Amino acid sequence: MDENQNQFRVGSKTERGSILVFATLSLAILLGLAAWATESGRAWQTQSQLQAAADAAALAGVGNLLSPDFSAVDEAGARAAAMAYGPQHEALGSSISLAAVDVEAGSWDMASQTFTPLPGNTDPDVMRAVRVIARRDSSVNGPINTIFGRVMGIDSITVRTDAVAEWGFAGGGGAGVAELPIAIDCCAVAGNAPGAECTQNYCDTITNAPPDPDCTLSPPSGEMVTCLEFFATPTQNACWTVFDGESSAVSTNGLTQVVQNGNAGEIGDEPIYLDNGTKTPVVQDIKDRFDAEGTDTDGDGVKDSWVVSLPMVECQNPGAKCASGTPQNIVGFLCFDIREIIVTPDKVIKGDFVCASDPRCDMPGLGPGGSVIGSVSADYPVIVN
């Protein structure tokens, strides 16, 4: 055998060895990719199934957190209702158990998107949210055993998710909750400075310092009430709105539609555009409805009471305030008892702001409190996180 043939054979052995190493590495990479894809897919599927269970449990929990009249907190009842929803769901074919420690009652801050557990708190104005954690780990439901992951030395993986449900949010309400196309500036009724956050207690303010105290009903009563002011003046406390967050146009026709039918869809999850001015035809439409739906409380043949729910928007900056521009967030709902409406020569809506605890504020569609203390919001639970 000559030297060239010997070199060829040595080269062939070296190439075969290199190919074997490359093939082994490729196989290991393929197995790793297969393991990653398989286990990731199973983990995502499990998380999706756990999320569905957590959402349902959180809604059930917050739905049982407060008494029917929203005056008392039942933390144990909320926990039991939430935990009952776990076994109604499965994750990778196994029913889901929810641990008692993973169901918490507390408060939800919409601005910061923060849940704060408050065990033992009995204040229904604060205890309005439930957080549920659903998991598969060594403590609850057991971790997910891997299939190909063992090739990489991973025998099991854990999955965890959570959900927070709250009674309403930011003053949210369903269709028809707002009877009139009117929004109230938070600063005008909750003791806040213009441009500030709505943090004061609305009920305390309207009880101890009613807005616009110089307004009176027509004789013979002459009773002190609040006048809704729609002009862009320092005393402005009311705005016109068609509850639209996409178009800044607030037309008379659109306002009339709201007077006749209320808000068409859910409100509170998106900011709304506002406007100001006399809007004489709209004031007349409101008076016509007041004359039709109002109550004669003293038997003199004159309608003198019509309680309506009005959305409260965040405090606006000094100046034009309700003029079209940047849309404003709804932060709660108010109860306003309309007592008198004058169309000519003035355009005035007179009435009383009342606390949510007032019997006059017992209206369908409203519940245990908006984000401003003393206000009200939707009477249905929603997932907020």
Exercise. Would a scan of the stretch 205-221 turn up a residue that is over 24 Å from the mean Cα position of the chain (by Cα), part of a helix (DSSP H, G or I), farther than 16 Å from Glu314 by Cα and not hydroxyl-bearing (Ser, Thr, Tyr)?
Worked result: yes
For this session: Go over the candidates Val242, Val177 one by one and state the one that is outside any helix (DSSP H, G or I), surrounded by 14 or more Cβ atoms within 10 Å (Cβ to Cβ) and outside the structural domain of Gly351 (by TED's automatic domain parsing).
Result: Val177
For this session: Of the numbered conditions (1) within 16 Å of Cys186 (Cα to Cα); (2) surrounded by fewer than 20 Cβ atoms within 10 Å (Cβ to Cβ); (3) within 28 Å of the chain's Cα centre (by Cα), Gly265 fails exactly one; give the number of that condition.
Result: (1)
For this session: State whether the residues of the stretch 237-248 include one that is over 25 Å from the mean Cα position of the chain (by Cα) and either of a type outside the set (Gly, Ala, Ser) or within 18 Å of Lys350 (Cβ to Cβ) (or both).
Result: no
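A quick yes/no check of all residues on (1) assigned to a loop (DSSP other than H, G, I, E, B); (2) β-branched (Val, Ile, Thr); (3) more than 30 Å from Gly41 (Cα to Cα); (4) without any contact (Cβ under 8 Å) to a residue 12 or more places away in the chain:
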position	(1), (2), (3), (4)
Tyr85	no, no, no, no
Trp108	no, no, yes, no
Val130	no, yes, no, no
Ile133	no, yes, no, no
Exercise. Do we find a residue being within 27 Å of the chain's Cα centre (by Cα), buried (at least 21 other Cβ atoms within 10 Å of the Cβ) and in contact (Cβ under 8 Å) with a residue 40 or more places away in the chain anywhere in the stretch 274-289?
Worked result: yes
Exercise. So which residues in the stretch 290-303 are within 18 Å of Phe336 (Cβ to Cβ) and without any contact (Cβ under 8 Å) to a residue 24 or more places away in the chain?
Worked result: Asp291, Ala292, Glu293, Thr295, Thr297, Lys303
Problem set entry | When residues of the stretch 290-305 are limited to those that are surrounded by 14 or more Cβ atoms within 10 Å (Cβ to Cβ) and touching a Phe, Trp or Tyr at 6+ places or on another chain (Cβ under 8 Å), the one nearest to Asp185 (Cα to Cα) | Phe290
Seminar exercise, completed: The residue from Pro213, Pro219 that alone is over 20 Å from Pro327 (Cβ atoms) and modelled with pLDDT under 85 is Pro213
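This table checks each residue for (1) farther than 23 Å from Thr280 by Cα; (2) of a type outside the set (Phe, Trp, Tyr); (3) out of contact with any strand residue (DSSP E or B) (no Cβ under 9 Å at 6 or more places or on another chain).
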{"position": "Gln328", "(1), (2), (3)": "yes, yes, no"}
{"position": "Asp337", "(1), (2), (3)": "no, yes, no"}
{"position": "Glu340", "(1), (2), (3)": "no, yes, no"}
{"position": "Val343", "(1), (2), (3)": "no, yes, yes"}
{"position": "Val348", "(1), (2), (3)": "no, yes, no"}
{"position": "Asp358", "(1), (2), (3)": "yes, yes, no"}
For this session: Give the residue that is surrounded by the most Cβ atoms within 10 Å (Cβ to Cβ), with candidates limited to residues of the stretch 89-104 that are in contact (Cβ under 8 Å) with a residue 12 or more places away in the chain and part of a loop (DSSP other than H, G, I, E, B).
Result: Leu98
Exercise. Is it the case that the stretch 353-368 has a residue that's at pLDDT 85 or above, more than 16 Å from Asp275 (Cα to Cα) and outside any strand (DSSP E or B)?
Worked result: no
For this session: Collect the residues in the stretch 196-224 that are of a type in the set (A, V, I, L, M, F, W, C), under 28 Å from Gly268 (Cα atoms) and surrounded by 16 or more Cβ atoms within 10 Å (Cβ to Cβ), keeping them in residue-number order.
Result: Cys198, Cys203, Ile206
Exercise. Mind checking which residues of the stretch 245-280 are modelled with pLDDT of 90 or more, part of a helix (DSSP H, G or I) and out of contact with any helix residue (DSSP H, G or I) (no Cβ under 7 Å at 6 or more places or on another chain)?
Worked result: Asn253, Gly254, Gln257, Val258, Gln260, Thr280
Exercise. Taking the condition modelled with pLDDT under 90 and polar (S, T, N, Q), does Gln113 pass?
Worked result: yes
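The values are calculated or read from the model by the stated rules, or taken from the named source; none is laboratory data. Computed from a prediction, not measured in an experiment: that's the story for all the values here. Don't worry about glycine lacking a Cβ; one is built from the backbone with ideal geometry, like all the others, and counts go over all protein chains shown.
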